[in-house]
Amino acid sequence: MTSDFLTISNLFISFGGIKALQDISFSMAQGEIFSVIGPNGAGKTTLFNCISGLYRPDTGSIRFEGTAIEKKKPHAIARLGIARTFQNIELFSHMNTMENIMLGRHIHMGTGLFRGMFMWGRHSFAAREEIRHREHVERIIDLLELQNVRDFPVGALPYGTQKLIELARALALEPRLLLLDEPCAGMNQEEKQDMIFWIKDIQDDLGITILLIEHDMKLVMDISDRVLAINFGQPVTLGTPGAVQQNKEVRKAYIGEEEQDGPSAVG
Amino acid sequence: MDMKRGYYEDVQLVTSPVVFFWLVVLLVTLLLFPFVVSNYYVYVANYIAINIIVAAGLNLLVGYTGQISLGHAGFFAIGAYGTVILMAKAGMPFLLALPCAGLVAAGFGFLLGLPALRLEGPYLAIATLGFGLTITQVIGRMTLFGGREGLHAPDLVIGPWAVDTDRQFYFLLIGMTVLLLLGMRSLIKTRVGRAFIAIRDADIAAQTMGVNIVFYKTLAFAVSAFYAGIGGGLYAFVLRFIEPEIFTLMMSIMFLAMVVVGGLGSLMGPVVGAGLLCWLDLKLRNILNIPFLGDWLETLSRSWFSITGVSNIQYIVFGSIMVAIMLFEPLGLYGVWLRTKQYWRTWPF
Ligand SMILES: Nc1ncnc2c1ncn2[C@@H]1O[C@H](COP(=O)(O)OP(=O)(O)OP(=O)(O)O)[C@@H](O)[C@H]1O
Ligand SMILES: [Mg+2]
């Protein structure tokens, strides 16, 4: 295991008076499932936003496969092979499922303005690109069993399905690092089970490294290789699921809360 | 469930024999049209075709990318003046001057797109409005552009073909409109168009999927301005004479109204929107000649409005129709179109 896949060192970010992240450091090995846990408002999503370039950290560095990315734009980071899903679904609501996932192919397609305007016949460059990438997307649709909603506008689909489409769109980018922000939030038990299997499949079969945020402790402990607990933007502990679960502070800050309002902790 | 799909079906224009049939009917109608109607209606068709081109371009910006422009009369003016000057002063042939003027407009579109990156909604509306007003002011004061006196369009000759009647110009215009609309459709169905729509629907997600929104937002402005520029270049030959007063704020607003009334973010929207509003505009100029309604409006106007009331009544009717459309069909005429399409899907087979 090399541990210079993703390395985050001494990350700080604050919004006005709120110190959202303070001195976060960890490094991920290629191929692992690494989870970040913490109560609502702990700074988990903020960490994702820093990695995907939506926020620029005040200080600290983020290196992905040796490249410093903390100052890069989101689209440039995507091109390096980092894709993500969102806690609050961010789909293109007027597009259908296929088109949403096709957007995930954006960086792999070559159709620019001029060739895009001249899609004349199925042998034109633009048409061949569309066909080729739609075939790729269809495989993802098959994998996540989205065939039934393939041609439906996503805005009207059930919540769980929308979460899956977000995952599909992220996979279409062929990322090497996948950031999943509460992929199971708001799902019923059955949907959760499916999601767990898929996450495992994505790790095993597609060889994608996964950084996961999840409130469901059982799920986290089941599938994670390592877990980082944070609270009030500060690291609490980092280690194997077993070790983190035993940590006193984690039990107090997180698991205690989990027992009170577990399933509703959607955030 | 069909296991193997032809993916080209997803993006192709002619998806069934029925669609093909209607496209052929449409084309034949368009080609025969000028031979069966009077000169006036050929002129009306030309006027509508130009507005369709501009509305299609504006729809890309407003409907598909979610930005706004109240300055498209400015790009329209750049296209008109650009084409005329490139032909008259630089001796370019029309078919070269027109796209060049379009590119100049696109260049200005790109420049206007830069501040647009920081502005949204009402702020962007005002910035583009300022641009439109500035362009006419600049043009009106520079001698190169003929100042307030305006410019005459040179004779239009394409190779051996001298285009000097509205009927001849009609064919040139229809050809270009069809071409530009097909180009727009193709663009929207492929990678670049998807990026535009993605920015409109969820710009954050679009960014994290690798869409460079700075690039695509300015590109949308440039392409939109290109269409407006081409429209302007063609318009110069409908009027045969251009002056700064033509390219008013009212014109920009009318372009926007066409797109909204037609239906934002739909391919047919700009076509029906431009068609309806241009037709209404021309018709309502003679509103007082319409039997009964005209008399009634005249009486109404005499008894309630000031002396200029009669001449403004067309705008009142025009405005009321727009309000009614938006009230009863929030999707614009596109909503009507969707239902009609559904109805005719298999007719007459
Ligand atoms: N753009 C922002 N502007 C101001 N404050 C922000 C911003 N983004 C995050 N914060 C603050 O940073 C803190 C951490 O928020 P974050 O969304 O990262 O929490 P979280 O761990 O994802 O919580 P949850 O479990 O509810 O999703 C919160 O106090 C939040 O209000
Ligand atoms: Mg969060």
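Read the figures in this text as sums done on the coordinates, not as results from a lab. Because the structure is a prediction, the values reported are computed rather than measured. Positions of Cβ are generated from backbone atoms using ideal geometry, with glycine treated the same way; all protein chains shown enter the neighbour counts.
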Practice item. Considering Cα pairs under 8 angstrom that are at least six residues apart, work out the relative contact order of chain B and quote it in whole percent. Key: 29
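Could you calculate the FRET efficiency of B:THR29 with A:ALA68 from 1/(1 + (r/R0)^6), where r is the beta carbon distance between them and R0 is 60 Å, rounded to 0.05? Mind showing how you got there, number by number?
Working: r = 61 Å, r/R0 = 1.02.
Rounded to the nearest 0.05, the efficiency is 0.45.
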Check your understanding: In terms of modelled amide H atoms, which long-range or inter-chain residues lie less than 5 Å from the amide H of A:VAL36?
Key -> A:LEU212, A:ILE213, A:GLU214, A:LEU228
Check your understanding: Along the charge dipole of region B:9-151, which of B:LEU114, B:SER16, B:MET142 sits closest to the positive end, that is, farthest toward it, with unit charges on the beta carbon of Lys, Arg, Asp and Glu (+1, +1, -1, -1)?
Key -> B:MET142
**Study point:** Check: chain B dipole with +1 on Lys, Arg Cβ and -1 on Asp, Glu Cβ, in debye
**Key:** 540
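Are there chymotrypsin sites (Phe, Trp or Tyr not before Pro) in region B:35-144 that DSSP puts in a loop and that have at most 10 other Cβ atoms within 10 Å, and which ones? List each step's numbers first, then the result.
Values: sites: B:PHE35, B:TYR40, B:TYR41, B:TYR43, B:TYR47, B:TYR64, B:PHE75, B:PHE76, B:TYR81, B:PHE94, B:PHE108, B:PHE110, B:TYR123, B:PHE131; in loops: none.
Sparse-neighbourhood loop chymotrypsin sites (Phe, Trp or Tyr not before Pro): none present.
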Revision key, fill the gap. So, with points 7 Å from each Cα along the Cβ direction, the A:GLU174-B:ILE126 label distance in nm works out to 4.8
Practice item. Measure off 7 Å from each Cα along the Cα-to-Cβ vector at B:THR248 and A:SER61, then give the distance between these two points in nanometres to one decimal. Key: 6.3
Review point. Distance in nm between label sites at B:ILE290 and B:SER303, each 7 Å beyond Cα in the beta-carbon direction?
Key: 2.0
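Provide the FRET efficiency to the nearest 0.05 for the A:ARG79-B:ILE316 pair, computing r from the beta carbons and using R0 = 45 Å.
Details: r = 55 Å, r/R0 = 1.21.
In this case the efficiency is close to 0.25.
Any chance you could run the full-extension gain for B:VAL37 through B:TRP279? It's 0.36 nm times the residue separation minus the Cα-Cα distance, nm to one decimal. It would help to have the intermediate numbers written out before the result.
Details: separation 242, 0.36 × 242 = 87.12 nm, distance 1.53 nm.
85.6 nm is the gain from fully extending B:VAL37 to B:TRP279.
Please report, to one decimal in angstroms, the Kirkwood hydrodynamic radius of the protein assembly as shown built from all distinct Cα-Cα pairs.
On the way: mean 1/r = 0.0366 Å⁻¹.
Here the Kirkwood hydrodynamic radius works out to 27.3 Å.
Net charge near A:LEU11, counting Lys/Arg +1 and Asp/Glu -1 over other residues with Cβ under 10 Å of its Cβ?
Numbers: positive: none; negative: A:ASP23, A:ASP58, A:GLU70.
In short, -3.
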Review point. Tell me, which longest segment in chain B has none of the trypsin sites (Lys or Arg not before Pro) that fall in DSSP loops with at most 10 further Cβ atoms within 10 Å?
Key: B:119-349
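If you take every DSSP beta bridge fully contained in chain A, what fraction is antiparallel? Give it as a percent rounded to 5. The partial results should precede the final answer.
Working: 20 of 36 bridges.
The antiparallel fraction comes to roughly 55 percent.
Which FRET efficiency, nearest 0.05, do A:GLN87 and B:GLU9 yield, Cβ-Cβ r, R0 25 Å? Could the numbers behind the result be given before it?
Numbers: r = 36 Å, r/R0 = 1.42.
So the FRET efficiency works out to roughly 0.10.
Normalise the Cα radius of gyration of region B:42-346 by 2.2 N^0.38 Å (N = residues in it) and let me know the number.
Details: Rg = 19.9 Å, N = 305, 2.2 N^0.38 = 19.3 Å.
The value comes to 1.03.
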Study note, to complete from the structure: Computed over all unlike Cα pairs, the Kirkwood hydrodynamic radius of region A:94-171 in Å stands at 13.0
